[in-house]
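Chemist: The structure is given below, and queries will be raised subsequently.
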Amino acid sequence: MRVLRRGDAGPAVAEIRATLSGLGLLPADSSASPEVAVYDVGVEHAVSTFQQQRGLIADGLVGPATYRALKDATYQLGARPLAYLVSSPVSGDDVMMLQERLLEMGYDAGRANGVFGAQTEAALRSFQRDYGLTVDGICGAETVRALRQLSPRARGGSPVLLREQERVRKAGPRLRGKRIVIDPGHGATDTGVSVAGVNESELVWDLARRLEGKMAATGMQALLSRGPDQCPTEGERANFANEVGGDLFLSLHSDANRSALAQGVASFHFGNATGSTSTIGETLAGFIQRELVVRTGLRDCRAHRKTWDTLRLTRCPAVRVEIGYLTNSDDCRRLTDPSFRDVVAEGILVAVKRLYLLGQNDQPTGTFTFADVLRHELAKAE
């Protein structure tokens with residue numbers, strides 16, 4: 001779809017206006033016909049508000065991700081049957097409500113990401129079996145009634161948090177054998193941010209290769225989500241991580257801003273407006289953020305929740321790191337220095353090691369070196 005923005009008009013804009021009105025973000029306007037509906041300042045503000053609520057980039061534009069989120073927001077549990085469709089998974093707020101309800105009742109539906117996948121179907125079948133319903137994996141009227149009538153087994157806890165923490169604990173402190181998907185942003189003809197001949201895609205490709213080498217030296221299986229001449233979609237990158245059974249997903253980017261004063265590093269993990277989050281992703285984002293700030297001196301732009309597809313659709317904990325602003329002369333100068341990218345790669349590796357150490361045999365932020373990691377791995381091997 002083409003990106004809709006202020007000044008556009010027509011049936012596509014009328015659809016967006018109607019959706020925003022239905023969500024209570026824009027006053028209803030029944031006077032204008034679909035052919036002359038205008039994307040005005042009010043629509044732009046409503047879209048930005050919606051994007052902020054949904055963990056999207058609040059730019060006031062309706063592209064594929066925002067359009068998908070707007071459509072998802074129109075569905076309430078019970079409005080349509082829900083089932084697992086392998087070729088075209090169903091998504092929507094109704095799916096998220098189903099996942100959250102199943103999780104509250106003790107069924108492992110995975111992360112509440114609003115996508116009806118195989119894990120959600122398995123949890124739904126278990127619920128149907130336990131409560132004497134037709135075990136068909138379809139959330140229809142009968143199942144919705146049962147979900148609404150039954151009280152959850154527990155409230156106030158976070159079963160997803162406990163399961164993610166237990167998986168990390170069972171994985172052990174050693175890095176050897178852990179499978180990490182490294183995702184260098186953009187690629188091929190999509191250069192990402194480009195400033196004075198410096199391309200984001202080339203910088204993060206080099207950073208990804210440096211990180212891959214360091215991880216391989218520790219015995220980890222480091223897999224790149226793309227080649228130098230490829231540019232998969234966000235969904236394809238997430239699917240790759242799921243298909244190879246990744247333990248962690250690390251997406252590498254640099255940022256841009258209209259202001260040349262904007263600078264620093266920020267980290268992102270999955271989290272939505274209802275409070276559902278990847279707790280291990282949040283922990284790892286915090287580790288990466290602190291390591292890079294201390295090691296590089298980049299401005300701390302903190303860690304944040306987002307619902308981008310690379311974070312939302314991966315089954316394993318996923319983190320996206322925006323390392324510096326190429327539109328800032330100081331950040332750009334540092335990012336083009338290979339030794340600086342080596343420092344960044346070491347910081348990310350150490351952050352991953354901290355995640356699996358679970359606070360044991362750890363060292364202060366910024367002091368754990370690549371050599372320390374290797375010694376720790378060898379000591380454990382012995």
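The values are calculated or read from the model by the stated rules, or taken from the named source; none is laboratory data. Just so we're clear, the structure is a prediction, and the values are computed from it rather than from any experiment. Note that each Cβ is placed from the backbone with ideal geometry, even for glycine, and that neighbours are counted across all protein chains shown. Quick note on the areas: whole protein, heavy atoms, side chains included, nothing else; ligands and nucleic acids left out. Shrake-Rupley method; radii C 1.70, N 1.55, O 1.52, S 1.80 Å.
Chemist: Just a yes or no: is a residue in the stretch 205-218 assigned to a loop (DSSP other than H, G, I, E, B) and either farther than 18 Å from D337 by Cβ or at pLDDT below 95 (or both)?
Modeler: Quick first cut of the stretch 205-218, residues assigned to a loop (DSSP other than H, G, I, E, B) only: 218.
Imposing the further condition that a residue be either farther than 18 Å from D337 by Cβ or at pLDDT below 95 (or both) reduces the set to 218.
The answer is yes, given that some residue of the stretch 205-218 is assigned to a loop (DSSP other than H, G, I, E, B) and either farther than 18 Å from D337 by Cβ or at pLDDT below 95 (or both).
Chemist: Then there's this: Can you pull out every residue in the stretch 297-321 that is touching a Gly at 6+ places or on another chain (Cβ under 8 Å), open to solvent by less than 10 Å² (accessible area, probe 1.4 Å) and among the polar types (S, T, N, Q)?
Modeler: Across the stretch 297-321, the qualifying residue is only T314.
Chemist: Right, something else. Which residues, counting only those in the stretch 8-22, are closer than 23 Å to A58 by Cβ and either open to solvent by less than 60 Å² (accessible area, probe 1.4 Å) or β-branched (V, I, T) (or both)?
Modeler: Taking the stretch 8-22 as the starting set, the residues that turn out to be closer than 23 Å to A58 by Cβ are 8-9, 12-22.
Listed by number, the residues that qualify are D8, A9, A12, V13, A14, I16, R17, T19, L20, S21.
Chemist: Still on this structure, please answer the following. Any idea which of A37, A73 is open to solvent by less than 50 Å² (accessible area, probe 1.4 Å) and either in contact with a Pro (Cβ under 8 Å, 6 or more places away or on another chain) or without any contact (Cβ under 8 Å) to a residue 12 or more places away in the chain (or both)? Can you show your working first?
Modeler: Values: A73 fails: either in contact with a Pro (Cβ under 8 Å, 6 or more places away or on another chain) or without any contact (Cβ under 8 Å) to a residue 12 or more places away in the chain (or both).
Result of the check over A37, A73: A37.
Chemist: What are the residues in the stretch 122-149 that are open to solvent by 50 Å² or more (accessible area, probe 1.4 Å), hydrophobic (A, V, I, L, M, F, W, C) and either outside any helix (DSSP H, G or I) or under 15 Å from M97 (Cα atoms) (or both), if any?
Modeler: If we filter the stretch 122-149 for residues that are open to solvent by 50 Å² or more (accessible area, probe 1.4 Å), which is where we start, we get 122, 125, 129-132, 134-136, 138, 141-142, 145, 148-149.
Adding the requirement that they be hydrophobic (A, V, I, L, M, F, W, C) leaves 122, 135, 138, 141.
Scanning the stretch 122-149 gives V135, I138, A141.
Chemist: So, in the stretch 279-315, exactly how many residues are more than 17 Å from R354 (Cα to Cα) and either touching a residue at least 40 places away in the same chain (Cβ under 8 Å) or in contact with a His (Cβ under 9 Å, 6 or more places away or on another chain) (or both)? Write out each step before concluding.
Modeler: Here is the first cut: in the stretch 279-315, the residues more than 17 Å from R354 (Cα to Cα) are 296-302, 304-315.
Okay, now just the ones that are also either touching a residue at least 40 places away in the same chain (Cβ under 8 Å) or in contact with a His (Cβ under 9 Å, 6 or more places away or on another chain) (or both), so 296, 304-315.
Here the count works out to 13.
Chemist: Now for a separate question. So which residues in the stretch 304-316 are more than 8 Å from the chain's Cα centre (by Cα) and more than 14 Å from N272 (Cα to Cα), if there are any at all?
Modeler: R315, C316, listed by residue number.
Chemist: Also: For the stretch 344-374, give me each residue that is closer than 24 Å to R209 by Cβ and either among the acidic types (D, E) or exposed (fewer than 15 other Cβ atoms within 10 Å of the Cβ) (or both).
Modeler: In the first step, residues of the stretch 344-374 are kept if they are closer than 24 Å to R209 by Cβ; the result is 344-356, 366, 368-374.
If the condition is that a residue be closer than 24 Å to R209 by Cβ and either among the acidic types (D, E) or exposed (fewer than 15 other Cβ atoms within 10 Å of the Cβ) (or both), then E346, T369, A371, D372 are the ones that fit.
Chemist: Across the stretch 316-349, what is the number of residues that are of a type outside the set (F, W, Y) and free of Cβ contacts under 8 Å to residues at least 60 places away in the same chain? Let's see the steps before the verdict.
Modeler: At the first step, the residues of the stretch 316-349 found to be of a type outside the set (F, W, Y) are 316-324, 326-339, 341-349.
Pick out the ones that are also free of Cβ contacts under 8 Å to residues at least 60 places away in the same chain and you get 333-334, 337, 339, 343, 347.
Residues meeting the conditions: 6.
Chemist: On to the next question. Only one residue in T310, T327 is of a type outside the set (A, V, I, L, M), on the phi < 0 side of the Ramachandran plot and assigned to a loop (DSSP other than H, G, I, E, B), so which one is that? Show your work before the answer.
Modeler: Details: T310 fails: assigned to a loop (DSSP other than H, G, I, E, B).
Every option except T327 fails the conditions.
Chemist: For the stretch 221-238, give me the residue count where each residue is open to solvent by 50 Å² or more (accessible area, probe 1.4 Å), under 16 Å from the mean Cα position of the chain (by Cα) and not hydroxyl-bearing (S, T, Y).
Modeler: Matching residues across the stretch 221-238 total 2.
Chemist: Follow-up. Can you tell me which residue in the stretch 1-28 is farthest from the chain's Cα centre (by Cα), limited to those that are more than 16 Å from Q53 (Cβ to Cβ) and assigned to a helix (DSSP H, G or I)? Let's see the steps before the verdict.
Modeler: Residues of the stretch 1-28 that are more than 16 Å from Q53 (Cβ to Cβ), as a first pass: 1-15, 17-18, 27-28.
Now restrict to residues that are assigned to a helix (DSSP H, G or I): 11-15, 17-18.
Values: P11: 31, A12: 28, V13: 28, A14: 30, E15: 27, R17: 27, A18: 28 Å.
This residue is P11.
Chemist: Hey, could you check the stretch 203-212 for residues that are free of Cβ contacts under 8 Å to residues at least 60 places away in the same chain and within 16 Å of R179 (Cβ to Cβ) and say which is most open to solvent (accessible area, probe 1.4 Å)?
Modeler: The qualifying residue most open to solvent (accessible area, probe 1.4 Å) is E212.
Chemist: Those residues that are open to solvent by 10 Å² or more (accessible area, probe 1.4 Å) and among the aromatic types (F, W, Y), I need them from the stretch 254-280; list them, please.
Modeler: Once the filter is applied, which keeps residues that are open to solvent by 10 Å² or more (accessible area, probe 1.4 Å) and among the aromatic types (F, W, Y), the stretch 254-280 yields only F268.
Chemist: Residues that are under 30 Å from Q119 (Cα atoms), in contact with a Phe, Trp or Tyr (Cβ under 9 Å, 6 or more places away or on another chain) and in a loop (DSSP other than H, G, I, E, B): does the stretch 361-377 have at least one? I'd like the intermediate steps shown before the answer.
Modeler: If we filter the stretch 361-377 for residues that are under 30 Å from Q119 (Cα atoms), which is where we start, we get none.
Taking every residue of the stretch 361-377 in turn, none turns out to be under 30 Å from Q119 (Cα atoms), in contact with a Phe, Trp or Tyr (Cβ under 9 Å, 6 or more places away or on another chain) and in a loop (DSSP other than H, G, I, E, B).
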